[in-house]
Amino acid sequence: MGDRSGSGEVNDNRYFVDGHLKNPIPDSQVHLEGSAPLQSTAATRLYKRRWLIVCLFSSYSLCNAFQWIQYGIINNIFMRFYSVDSFTIDWMSMIYMLTYIPLIFPVTWLLDTKGLRVIALVATALNCAGTWIKVASARPDLFAVTFLGQVICSAAQVFILGMPSRIASVWFGSEEVSTACSIGVFGNQLGIAIGFLVPPILVPNVEDLDELAGHIRVMFYITAGVATFLFILVIIVFQERPDIPPTQAQAAARLIPAESYSYTSSILCLLRNRPFILLIISYGLNVGCFYAVSTLLNQMIIKHYPGEEVNAGRIGLTIVIAGMVGSLICGIWLDRTKSYKQTTLAVYVMSLVGMLVYAFTLSLGHLWVVFITAGALGFFMTGYLPLGFEFAVELTYPESEGTSSGLLNCSAQVFGIIFTICQGKIIEHFGTLAGNLFLCAFLLIGTILTGFIRSDLRRQMANQLAKTAENVNGSAVSPDEPATKL
């Protein structure tokens, strides 16, 4: 007898034809090294609920991402309100990166052992708690309290950032996983976009500190209300996984016995995967540059266009909105073409070109030019995010998507901290052009590394082998011969 899927049906590719046992494709030919055999008759099904799950995830990711940049985009206002220096406010963004590094490994272990629902509950609970702590911090002498709230929200981010590819794989079909991953990343990008746009509007640069405290408190209350609503919604709605898997690859993954899984072995296996290591470095370089540009955007714009805090936020919004469009286009393109290596390399090259153009046009004195160049930069640099996630899943199948995504994001946080600190110091001493060219040099290195990544699309191969087995099994039984399934 074969193994059983979640649907309760027997999964086996053997048939009796005229009293003889036939097995057209041996199990050994229908699986990847280290994975369970892919059974050609595994039941698969797509549920409409999958769209609700990914949209709910995207929503609480948005709420958390908004808080990452809400201090940095009005850096000068918070400096004056809390009487701290610019570098201290930069740490309100960089703490998101720093917290991620030590927490990602226990969080991915928790994901692999407890599942998506537990991760979603912890993420939204921490995010909700952090926002309410910030509500109590809207006083000039309570910077330590607002920093504590930001630390808790940054811990919530660890339970969010690497989940899009896992949700896409667990809930979506093979022809829509990249689109679903893009929707998951879309929420994070939209949150950053709102974080660029809304704080300069809600918290104007007024002189009276009591009035300023009132504006800050309103922003914190709105964020806390949204976070609380999403926490309640996750408790009620969020489901661990569908009863019947969406793809043959997921069906095979479910057949791997839980006791045979070792988190440490999974990490070591990934670290021996040379194409994935190259992707980890190149992804970290690209996303780290995006983090640095986002964190320091207010300082760069104010340096050349004094008093333009609101437009600095709008430029940040332009970067992220353009990136959201790029993400969705790239996701749809990947689902149709499966050209992971070519698309990733092309987008990386254009990110480098966009960064160079932005660097040389920032100081021209025309804000409309900055809007255009920043939008082009965002389209490719932010559009790269889901490409990296999905390429990683392809290179590392059947390892956990949460683990591969976690390692990618860990690299991005490390490079993000390094780039933000270094670029900030370079801008302070040598100007914005030198700071942006510093990032361009590392984007060039990332482009070269991407060119050396071997395109080993394991997940696609697994699905293709399963389809081939199913087709051969179907043709092996003649319509005139009664087939009895074991």
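Values for this structure:
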item: Alpha carbon Rg of region 47-245, scaled by the compact-globule rule 2.2 N^0.38 Å; result: 1.06
item: Whole-Hz couplings from phi, Karplus 6.51/-1.76/1.60, listed for region 78-94; x for Gly and Pro; result: 5, 4, 6, 5, 9, 6, 10, 8, 4, 5, 5, 5, 4, 5, 5, 8, 5
item: In region 223-326, the chymotrypsin sites (Phe, Trp or Tyr not before Pro) that fall in loop regions by DSSP, at most 13 other Cβ within 10 Å; result: Tyr261
item: Karplus-derived HN-Hα couplings along region 306-313 (A = 6.51, B = -1.76, C = 1.60, θ = phi - 60°), whole Hz, x at Gly and Pro; result: x, x, 9, 4, 5, 5, 4, x
item: Mean-position separation - Cα centroids, region 217-246 and region 55-132, in angstrom; result: 15
item: Under Karplus coefficients 6.51, -1.76 and 1.60, residue-wise ³J(HN,Hα) of region 168-181 in Hz, glycine/proline x; result: 4, 5, 6, 10, 10, x, 5, 8, 9, 5, 5, 5, 5, 4
item: Semi-axis lengths, Å, region 229-366, gyration tensor of Cα atoms, sqrt of 5 times eigenvalues; result: 39, 22, 17
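Any read-out appearing in this document is the output of simple, stated calculations on the displayed coordinates, not a laboratory observation. Source: prediction; values computed, not measured. Reconstructed Cβ throughout: ideal geometry from the backbone, glycine too, with neighbour counts over all protein chains shown.
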